[in-house]
1. Out of the residues in the stretch 73-94 that are assigned to a helix (DSSP H, G or I) and either modelled with pLDDT of 85 or more or closer than 18 Å to Asp214 by Cα (or both), which is farthest from the chain's Cα centre (by Cα)?
2. Looking at the stretch 167-193 only, could you name the residues that are open to solvent by less than 10 Å² (accessible area, probe 1.4 Å) and modelled with pLDDT of 65 or more?
3. Search the stretch 211-222 for residues being in a loop (DSSP other than H, G, I, E, B) and touching a residue at least 12 places away in the same chain (Cβ under 8 Å), and hand back the single one that is surrounded by the fewest Cβ atoms within 10 Å (Cβ to Cβ).
4. With respect to Arg124, determine if the residue is of a type outside the set (A, V, I, L, M), touching a residue at least 40 places away in the same chain (Cβ under 8 Å) and surrounded by fewer than 22 Cβ atoms within 10 Å (Cβ to Cβ).
5. (1) open to solvent by less than 40 Å² (accessible area, probe 1.4 Å); (2) closer than 20 Å to Met219 by Cβ; (3) of a type in the set (Val, Ile, Thr): which one isn't true of Val108, the others all being true?
6. Residues in the stretch 330-369 that are open to solvent by less than 20 Å² (accessible area, probe 1.4 Å) and polar (S, T, N, Q): how many?
7. Assess whether Gln164 counts as being out of contact with any Leu (no Cβ under 6 Å at 6 or more places or on another chain) and modelled with pLDDT under 70.
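The values are calculated or read from the model by the stated rules, or taken from the named source; none is laboratory data. These numbers come from a predicted model, not from an experiment. Here the Cβ is made from the backbone with ideal geometry for all residues, glycine too, and neighbour counts use every protein chain on show. Please note that ligands, DNA and RNA were not included when accessible areas were found on the heavy atoms of the full protein model with its side chains. Shrake-Rupley method; radii C 1.70, N 1.55, O 1.52, S 1.80 Å.
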Amino acid sequence: MAPQLPPSPRSSSSNRELLREPHNYFLALTRQYGDVVCYRPAPEPAYLVNHPDYVGHVLVENSRNYSKATYINQMFKKFTDGLLTAEGEQWSRLRRLMQPSFNKPRLVKLDEVVISQAAHMVERWQQAADQGQAVYVTQEISRLTLSITTRAVFGVDLGEEISQVGKEVDASGALLERPNNPRFRDSLHHVEGIVQRIITQRRQAMAGAEEADDLLGSMMSVRDGETGAGMDDIELRNQVLTLLLAGYETTASALTWTFYLLSQNPEAVNCLRHELQDVLGSRTPTYADLPNLDYTRMVFEEALRLFSPAWVLGRVALEDDLLGDFLVPAGTIIAISPYTLHRNPAYWEDPERFDPERFTQARSAGRHRFAYIPFGAGPRKCIGNNFAMIEAQLIIAMVMQRFDLAPAPDSEKKPEVVFVLRPNRQMKLIVSRSPGYTASR
């Protein structure tokens, strides 16, 4: 059969729908048109791809033919030209230099950072529970993950400065598509100044010292095995800015959705509580407990299935290609949306239902390897995925040991599509102390 072009919607309202609620627009397209649909015929064609075979082809098997030079990635470069947006030899070099900092043996040492910062949030929630107050869970989790990220990256406590960093990073992220906006430039320059100051101080402190445990110290110490060179200050600054923008916000969004989903699913909470009681009792979890917290892991994996923060991955075809029988002309934009892929009924039964047991070993065994890609796939898979999993499981365990969660009646729960699929900032939960929990002495 000769190559053919995929179907395309004919509605004149398509662009308005795409701008208003892109995740739901993409979901409607896959339900109506199937695994490949051309959702923007001109000026450059754009294909939404929703079949795991084609996802694997673009991200893994023929990844060299697909660039990340999409519009949103070009906008991201206005913030920082780091690992997330780099291409070719620049990306290969940065990946070689950064990978040792994200290997599991190094990340294990960061569990104390996660635990100590989560303990501060738990204390605030205990006070809210005692006073019968709801918590703005989106802000609370964002504050927590930013605190963890800055300490994991820098190895220092930024004190009151951390809240300002969060505001500036949020402002920069929200304005990515308006890089000439004065507020964007002001926010970016403020964060750049903080990062550069810390890099300078750390270089001075590390002169002749042993390698540090934090990510910045590790990145400063590493040398390229091919060239023997390390990162200069500009490269370090770009990687740190990338970690701040792409790291803390994604984990915060995923965790907020996790707690919202748990507040809606008491059966899952009961299963989770039984596991936490059996494994931990009332003691605080550590990294060493994670292999025994299977259901905790599955809860987070299922939340990532439903609300992957990186809700769409973009690529551009460098040369003509085929996806099955569909022609992909050079220059075609490829959109791969975990939001739609993770709801494909061919691979997920009753896909809108929250069911952590989808991720038991037995039920996962026959699943297509590219039907679930919350961290992407292939050579550009998220470098921070292991840390995100460690961080999230520890936080989920610490919160769900102690609290019952219920949605506040006046809370807004719809997603906001910025550069991640984050919960509305007005999402609130009512927290109450779990009657079965007694703090260990």
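1. Once the filter is applied, the top-ranked residue is Glu89.
2. Listed by number, the residues that qualify are Val169, Phe184, Ser187, Val191.
3. Asp213
4. When the stated conditions are applied, Arg124 does not pass them.
5. Condition (1) is where Val108 drops out.
6. 4
7. Values: out of contact with any Leu (no Cβ under 6 Å at 6 or more places or on another chain): yes; modelled with pLDDT under 70: yes.
The answer is yes for Gln164.
Yes or no, residue by residue, for (1) without any contact (Cβ under 8 Å) to a residue 40 or more places away in the chain; (2) out of contact with any Gly (no Cβ under 7 Å at 6 or more places or on another chain); (3) closer than 30 Å to Asn62 by Cα; (4) of a type outside the set (Lys, Arg):
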| residue | (1), (2), (3), (4) |
| --- | --- |
| Pro266 | yes, yes, no, yes |
| Asn292 | yes, yes, no, yes |
| Tyr295 | no, yes, no, yes |
| Glu301 | no, yes, yes, yes |
| Phe307 | no, yes, yes, yes |
| Leu313 | no, no, yes, yes |
| Gly324 | no, yes, yes, yes |
| Val328 | no, yes, yes, yes |
| Pro345 | yes, yes, yes, yes |
